[in-house]
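*Asks:* Sharing a structure below in structure tokens format, with a few things to ask.
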Amino acid sequence: MAGILNTKILSTNEVAVMKEKLETLLSTKGVKIDHPTVMGLLKDAGAQVEASGTVKFPKSVIDKALKSIPKNFTLAAPDPQYDLTFPHPDGKFYTRTCTGGMNYLNENGEYHNITIEEVADWAKLINALDNINFCALPSTSIKSVPGETIDIHTLRTVLEHSKKHIWVQPYEAANAKYLIELAAARVGGKEQLKKRPIISFITCSVPPFQYKYMDMEALYQCCINGVPIQPCSLPAAGANAPITPQGIALLASTEVMAQIIMAQLLAPGLPVIATPLLFAMDMLTTYTLQSPIETTMGRMVAMQLFEEGYGIYAHSYGTGTDSFLLDGQSMVERTSLIHMLALSGASVLGGAGQLEVAKTISPIQLIIDNDIFGMTKKLLGGLEINDDMLAWNEMMELTGKESFVDMDHTFEHFRDSLRLPTFNRDSRPNWEKSGKKDMLDRAQDIYAAIKKDYQPIAVASEVLSNMDEIMKQADAKLVGK
């Protein structure tokens, strides 16, 4: 019987050790929080809150919070056919695009800060790719929109064009409520948003073990409005986190778990997805990296700790590269990362389309990532052993003169083979006749066809007007202040 392939980097005993260390950190060392309202609510819920801002979570409080985490929920999409149900119905993984990438390497190889028009194109492309499941907001250039409300303008644009769930990162504390209001306007009000959350939020720590006001305000707003969160930790090994994969995994997982516990104490039952996003500082150049193999191993530790150790859905960078280009390094690093994170049991693989340590996004790379994800999903499904799949009867009846080309068995199964549009499967003569195109050329052709055939989605003019009004209010309140 076929089952989901997996690769476990920790033994069962090592998972237990990691859990004990994580909970000891939360109960005895604690974390630092800068948000009086949240601190007061946590104290009321049983956390130990000190005047210094340190918050500790006794074991009983941790256990209470863990029990309220929902096992089944849906990240809704503006178009319901793209709703994401957890757990994944096939036991595999969902994917998302890169968030925060302010640089854009377009299909013509031109490199610049992304414009709001290109944000719209990005959302449209995501709609057209079957193996890209939800959209994370890029960081629009201040040449296109006001710097104080980049996130608000970007979400407004994506809400007009995206059919898929949207992952939102607020840039300022005051912006969080406007982002939620925009999403509510798109679906018909805040109560409807609670029923069908078409956005989820990033909330982040500041390693080691600190949380600034902006992220606590984002978490608080999500809790009172029923918006799911995907709490993040973004440590860099050797800089603000231990240099070992095991050490950075423990630190990042603890920081993420603190946010999960806070969310469950404030809003029991709020959907959460643990999101440790590990980086590393190169000790020779001091440059921040995303794709060293040690970082991949640390992510695998964190994924197993959450998924197996706690039964919490987990999400990390599942693709990406330290390269600035769509070159061999990019393809090797991202394919290795996709395979290993998928095999680790991660529920979400993030970062599709990203280059340059998540600073740059590329539509051509996104199209290629779409194919690599398809290949990985096929791999993850494993193989079933039975007489039909073994071609047992056909082999037993061979006389030595047959060809499998014209057998019924071949006709019944030849479509099982995965054909990826960006990969070559033809002969050299045919390849030469078609212009000697490589993977990047084929991805460019695919993007041109998507643009040519794209069918815009219909959003009611009243909804667009309401979102525009919210954006104007945000600009009036926040820009220049």
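*Asks:* Just give me the residues in segment 327-371 being of a type outside the set (A, V, I, L, M), touching a residue at least 12 places away in the same chain (Cβ under 8 Å) and not in a helix (DSSP H, G or I), in sequence order. Talk me through it step by step, then tell me what you get.
*Replies:* The initial filter retains those residues of segment 327-371 that are of a type outside the set (A, V, I, L, M), namely 327-330, 333-336, 339, 344-345, 347, 350-351, 353-354, 356, 359-360, 362-363, 365, 369-371.
If we keep only those that are touching a residue at least 12 places away in the same chain (Cβ under 8 Å) as well, we get 330, 333-336, 339, 344-345, 347, 350-351, 353-354, 356, 359-360, 362-363, 365, 369-371.
Passing the criteria: Ser344, Gly345, Ser347, Gly350, Gly351, Gly353, Gln354, Glu356, Lys359, Thr360, Ser362.
*Asks:* Still on this structure, please answer the following. Just the residues that are free of Cβ contacts under 8 Å to residues at least 60 places away in the same chain, out of contact with any Asp or Glu (no Cβ under 6 Å at 6 or more places or on another chain) and at negative phi, please, taken from segment 167-194.
*Replies:* If the condition is that a residue be free of Cβ contacts under 8 Å to residues at least 60 places away in the same chain, out of contact with any Asp or Glu (no Cβ under 6 Å at 6 or more places or on another chain) and at negative phi, then Val168, Lys177, Leu179, Ile180, Ala183, Ala184, Lys190, Glu191, Gln192, Leu193, Lys194 are the ones that fit.
*Asks:* Taking the condition more than 26 Å from the chain's Cα centre (by Cα) and assigned to a loop (DSSP other than H, G, I, E, B), does Ile457 pass?
*Replies:* Values: more than 26 Å from the chain's Cα centre (by Cα): no; assigned to a loop (DSSP other than H, G, I, E, B): yes.
The answer is no for Ile457.
*Asks:* Let me ask you something else. When the residues of segment 411-442 are narrowed to those that are out of contact with any Asp or Glu (no Cβ under 8 Å at 6 or more places or on another chain) and small (Gly, Ala, Ser), which ends up most open to solvent (accessible area, probe 1.4 Å)?
*Replies:* The extreme case among them is Ser417.
Per-residue answers, yes or no, for (1) free of Cβ contacts under 8 Å to residues at least 24 places away in the same chain; (2) polar (S, T, N, Q); (3) touching a Lys or Arg at 6+ places or on another chain (Cβ under 9 Å); (4) not in a loop (DSSP other than H, G, I, E, B):
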residue	(1), (2), (3), (4)
Leu10	no, no, no, no
Ala16	no, no, no, yes
Glu20	yes, no, no, yes
Lys32	no, no, no, yes
Asp63	yes, no, no, yes
Pro70	no, no, no, no
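*Asks:* In segment 129-155, what residues are in contact with a Lys or Arg (Cβ under 7 Å, 6 or more places away or on another chain) and hydroxyl-bearing (Ser, Thr, Tyr)?
*Replies:* none
*Asks:* For the structure I just gave you, tell me whether Arg419 is modelled with pLDDT of 90 or more and either over 26 Å from Leu343 (Cα atoms) or assigned to a helix (DSSP H, G or I) (or both).
*Replies:* no
*Asks:* Considering only segment 127-224, give the helices (runs of 4 or more DSSP H) lying wholly within it that have at least 2 residues that are open to solvent by less than 20 Å² (accessible area, probe 1.4 Å) and among the aliphatic types (A, V, I, L, M). If you could, list the steps in order and put the result at the bottom.
*Replies:* Values: elements: 150-161, 176-187, 190-195.
Ranges flagged: 150-161, 176-187.
*Asks:* Scan segment 265-287 and tell me whether some residue there is without any contact (Cβ under 8 Å) to a residue 40 or more places away in the chain, assigned to a helix (DSSP H, G or I) and either farther than 21 Å from Cys98 by Cβ or open to solvent by less than 10 Å² (accessible area, probe 1.4 Å) (or both).
*Replies:* Within segment 265-287, none of the residues are without any contact (Cβ under 8 Å) to a residue 40 or more places away in the chain, assigned to a helix (DSSP H, G or I) and either farther than 21 Å from Cys98 by Cβ or open to solvent by less than 10 Å² (accessible area, probe 1.4 Å) (or both).
*Asks:* Quick one: which of Asp388, Asp371, Asp408 is of a type outside the set (Val, Ile, Thr) and open to solvent by 80 Å² or more (accessible area, probe 1.4 Å)?
*Replies:* Numbers: Asp388 fails: open to solvent by 80 Å² or more (accessible area, probe 1.4 Å); Asp371 fails: open to solvent by 80 Å² or more (accessible area, probe 1.4 Å).
Step by step, each of Asp388, Asp371, Asp408 is checked, and only Asp408 is of a type outside the set (Val, Ile, Thr) and open to solvent by 80 Å² or more (accessible area, probe 1.4 Å).
*Asks:* Within segment 387-404, identify whether any single residue is touching a helix residue (DSSP H, G or I) at 6+ places or on another chain (Cβ under 9 Å) and under 30 Å from Ala314 (Cβ atoms), and answer yes or no.
*Replies:* no
The values are calculated or read from the model by the stated rules, or taken from the named source; none is laboratory data. Remember, it's a predicted structure, so these values are computed and weren't measured experimentally. Because the Cβ atoms are built from the backbone with ideal geometry, glycine has one as well, and the counts that use them run over all protein chains shown. Remember, those area values only see protein heavy atoms, side chains included, never the ligands or the DNA or RNA. Shrake-Rupley method; radii C 1.70, N 1.55, O 1.52, S 1.80 Å.
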